[in-house]
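One structure is given below, encoded as structure tokens.
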Amino acid sequence: MSLQEWAAAQLAELELLGSMFPTRDELEMLDQLALAELRDYVDGSSPPPSCRAQFVIRQRLQDVDFHMSCTFPPQYPCVIPEITVTSPGLGRAQQTRLQAGLRAYLTEVCLGEVCVLSAADWLRDNLRAFLSETATPAPPESHASPPREAFSRLWIYSHHIYNSTKRKNILEWAKELGLTGFSMPGKPGIVCVEGAQSACEDFWSRVKVLTWKRIAIRHREDVPLSGEGAVPSVDSLRKFSGFQEVAFEPRGPRGNHMDLGLLYQFLQERGCCHVFQMYFGVEGR
């Protein structure tokens, strides 16, 4: 890739991040001049930027606030970005280990592709483990309350789903665990599973250890089924009947790109169109 191609990839990612984190409390550009220079360079109206794009993403996960401070090297995405994660919910040692784990993940799977959203997804999936290292030990099992039954719906995103064995596993595991939803192969690949929370977690634990270029839970919905505000059953919350692999007029030279307009209609018919923007950063139609 050329310097201008790297710059174009950086600008496209910044614009996507701006659509997904629209307020300054969520995404703050630390150097507006750097952003302006980057945009002018991509347009061909100025020389390469003299400053590097720097920004902070602020989110709240597991009832803990965290900040991702990001800086793009000129060669990004052919090199990993500089990302520092800070959180008042983590001690220094836990924060150091989290930082090392994130860097190892990005080095392994993200070279050559934009990856800030991948970093945020990794934090969403792994922050709980680092928080538990500082959590107060649980009371003895004999005094612990039984776990509450819950319903879950997981929206999983993969860079692509092509492999026939993986596609077969997804179908078979979902049916084995009594989950409903769908799988959309191609690039990107999308999987939605819904049902008992324990079954959804079992499904995710099986799928995520397969070999993927990139896979993450992009969004999840959890509803307790006991206590205040309880609902009758898992089945009453399902939006899908059965589990199936779906395709929407595949196109492209390899037939691996789906018609996203048809995907949006499919989601809209099942009352799930809100997740379209979470996946693609734009409102469907």
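The values are calculated or read from the model by the stated rules, or taken from the named source; none is laboratory data. Remember, it's a predicted structure, so these values are computed and weren't measured experimentally. Ideal geometry is used to build each Cβ from the backbone, glycine not excepted, and the neighbour counts take in all protein chains shown. Note: accessible area is taken over every heavy atom of the protein model, side chains too, but ligands, DNA and RNA are not part of it. Shrake-Rupley method; radii C 1.70, N 1.55, O 1.52, S 1.80 Å.
Calculated on the Cα set of the chain, radius of gyration then Dmax: 20.7, 70 Å.
Give me the net charge of Ile215's neighbourhood, meaning all other residues with Cβ under 11 Å from the Cβ of Ile215; Lys, Arg count +1, Asp, Glu -1.
Values: positive: Lys166, Lys208, Lys213, Arg214, Arg218; negative: Asp121, Asp125.
Surrounding charge for Ile215 is +3.
Provide the net charge surrounding Arg58, with neighbours chosen by a C-beta distance below 11 Å and charges set as Lys +1, Arg +1, Asp -1, Glu -1. After counting each charged neighbour, the total is -2. Shown is the FRET efficiency for Thr84 and Asp259, computed with R0 = 35 Å from the Cβ-Cβ distance and rounded to the nearest 0.05: 0.30.
Annotation: amide H-H contacts under 5 Å for Leu30 (H modelled 1.01 Å from N, sequence separation of 5 or more, or interchain): Gln54, Phe55, Val56.
Using the beta-carbon distance between Gln4 and Arg128 and R0 = 45 Å, what value does 1/(1 + (r/R0)^6) give for FRET efficiency, to the nearest 0.05?
The formula returns an efficiency of 0.65 here.
By its C-alpha gyration tensor, with a ≥ b ≥ c as the square roots of the eigenvalues, how is the stretch 158-209 shaped: rounded for a/c under 1.5, else prolate for a/b larger than b/c, else oblate? Cα axes put the stretch 158-209 in the prolate bin.
Of the solvent-accessible surface of the chain, computed with a 1.4 Å probe and all protein chains present, 51% belongs to carbon and sulfur.
Checking Cβ-Cβ separations below 4.7 Å across the chain identifies Cys51, Cys70, Cys78, Cys192, Cys200, Cys272, Cys273 as cysteines lacking any candidate disulfide partner. Measuring between their Cα centroids, the stretch 61-76 and the stretch 149-187 lie 29 Å from each other. A straight Cα-to-Cα reach below 22 Å connects Lys208 with the lysines Lys166, Lys168, Lys175, Lys187, residues fewer than 8 places away in its own chain not being considered. Grouping the Cα pair distances of the stretch 6-137 into 10 Å bins from zero gives a pair-distance distribution of 12, 42, 31, 12, 3, 0 percent in increasing distance order. Estimated purely from DSSP H runs of n ≥ 4, each contributing -39500 (n - 2.57), the mean residue ellipticity at 222 nm for the chain is -12000 deg cm²/dmol once divided by its residues.
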